[in-house]
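Below is one structure, written out as C-alpha cells; comments come after it.
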Amino acid sequence: MTESYDLPPLAKGNWPTLEKGWVWLCGAGPGDAGLLTLHALNALRQADVVVFDALVQQSIMDWVHPDAEVIYAGKRGGKPSAKQRDISLRLVDLAREGKRVLRLKGGDPFVFGRGGEEAQTLVQHGVPFRIIPGISAGIGGLAYAGIPVTHRDVNQSVTFVTGHDQSGETPSSLDWGAIAKGSQVIVIYMGMKHIARIASDLMGAGRGADEPVAVVAEATTENQRVLETTLGTVVDDVAKHGMQPPCIICVGRSVLMRQALDWQALAEGKEPRHLDPLGRGRPAESA
Ligand code: SAH
C-alpha cells in the first residue's frame, strides 16, 4: 500500500518502510489524534491491515489507508482475556500472509497494554517487528488536565499502577501499603472498578483523607472530564458526577497544580484559580 505522502524527510535518511511480513506494534497515544507520533502516522499510511484496540479513537482510524483492512481486537478492561493469545497469533498469521501489519494500541504499547506479550509471540514465531512507543494516558492524559506528573515541589518519583489484573480483581501481588508509603504521586490505570478498595487501602496505610485526587475521564478527547476531589471523597464524587472509564486517577499534591495550569480553561478565557497552588510563594524562575 505504498504511496506518496507528504511527510518531510527524517534528519537521517528516509521514513522507515513497513515491509511485507512485518508487524509494527504501535502506540496511538491517549486519544487526541495530534498526539500520534510521526512514526505512527507513517505506519498508518502504509499498513495493509490495522489491528486496533477499543481505546483507539475513530479520528485516528480515519488516517488508515482507505484500502486497508481493519480488524477490531477490543477487549474491555478487567474481563478475562482468553482472546489475548488469539490476537497475538492473528498477528503472526497476517504477517505470514505477507501483509504489512500495524498493531495499534491505546497510549503506549508497553504500558499496561500487553504489548510485551504480543511482541514475545512474534519473536517466538520468527516474525520481524518494530515497536513504536506512544504517549501514555498516565502522563499525557494528566497533562491535558493541567496536572504535571512530576513537579519539583511535590515529587521526585511517580508510581504507575494498575487497579486490576487479568481476572478483574485488584492485583494480589500489589502491596498497597508499600505503595502508599513509598510513592509520592500514584497514577492508577484501570482503577475505577476497585476505587473504593484502593482509596481505603491507601488511607489505611497512612495517606490522608484530604490528599488531593484527580480523576480524568477520556483524557485528551473532546469528551475529557476532570474531577478534582480527595482520597476521602473520591468514591462519592465519582458516583455523584457519573465518572465512567476509561479514567486515569492521580493521587498526590501535583493535582493542586491544576488550579494554576488548567490550560484548556485558560484558553477559554477563564482566570487561573490560583497562581501558586502549592503555596511556595516563589517565582517560577528562582532557584
Ligand atoms: N497502554 C495504555 C494503557 C492501557 S490500559 C497507555 O499507555 O495509556 C487501559 C487504561 O488506560 C484505562 O482503563 C485507563 O485507566 C487508561 N486510559 C487509557 N486511555 C485513557 C484516556 N484517554 N483517558 C483516561 N484514561 C485512559
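The values are calculated or read from the model by the stated rules, or taken from the named source; none is laboratory data. As the structure is a prediction and not an experimental result, all values here were calculated from the model. Don't worry about glycine lacking a Cβ; one is built from the backbone with ideal geometry, like all the others, and counts go over all protein chains shown.
Details
- Taken together, P128, P171 contain a single residue that is touching a strand residue (DSSP E or B) at 6+ places or on another chain (Cβ under 8 Å) and more than 16 Å from the ligand (Cβ to nearest atom), which is P128.
- Pick from the range 96-111, criterion more than 13 Å from the chain's Cα centre (by Cα) and of a type outside the set (A, V, I, L, M, F, W, C), ranking: farthest from the ligand (Cβ to nearest atom): G98
- Boolean, E228 is away from the ligand (no atom under 12 Å from the Cβ) and either in a strand (DSSP E or B) or closer than 24 Å to D262 by Cβ (or both): yes
- Subset of the range 47-62 (residues that are touching a helix residue (DSSP H, G or I) at 6+ places or on another chain (Cβ under 7 Å) and either within 12 Å of the ligand (Cβ to nearest atom) or part of a loop (DSSP other than H, G, I, E, B) (or both)): Q57, I60
- I147 within 13 Å of the ligand (Cβ to nearest atom), within 22 Å of the chain's Cα centre (by Cα) and not assigned by TED's automatic domain parsing to the domain that holds V187: no
- Restricting the first member to the range 252-279 and to residues that are outside the structural domain of R207 (by TED's automatic domain parsing), and the second to residues that are at pLDDT below 95, the beta-carbon pairs closer than 8 Å and six or more apart or on different chains are D276/R282; L278/D153; L278/V154.
- Being of a type outside the set (A, V, I, L, M, F, W, C), modelled with pLDDT under 95 and within 16 Å of the ligand (Cβ to nearest atom) is a property that R114 has.
- Criterion: at pLDDT below 95 and on the phi > 0 side of the Ramachandran plot - qualifying residue of G168, G163: G168
- Within the range 23-46, tally of residues that are within 19 Å of A219 (Cβ to Cβ) and assigned to a helix (DSSP H, G or I): 4
- Going through (1) surrounded by fewer than 24 Cβ atoms within 10 Å (Cβ to Cβ); (2) not assigned by TED's automatic domain parsing to the domain that holds E69 one by one, L142 falls short only on (1).
- Flag set for A54, criterion: at pLDDT below 95, within 23 Å of the chain's Cα centre (by Cα) and of a type in the set (G, A, S).
- Checked against the criterion of being hydroxyl-bearing (S, T, Y), farther than 20 Å from I147 by Cα and not in a strand (DSSP E or B), the range 194-211 has at least one qualifying residue.
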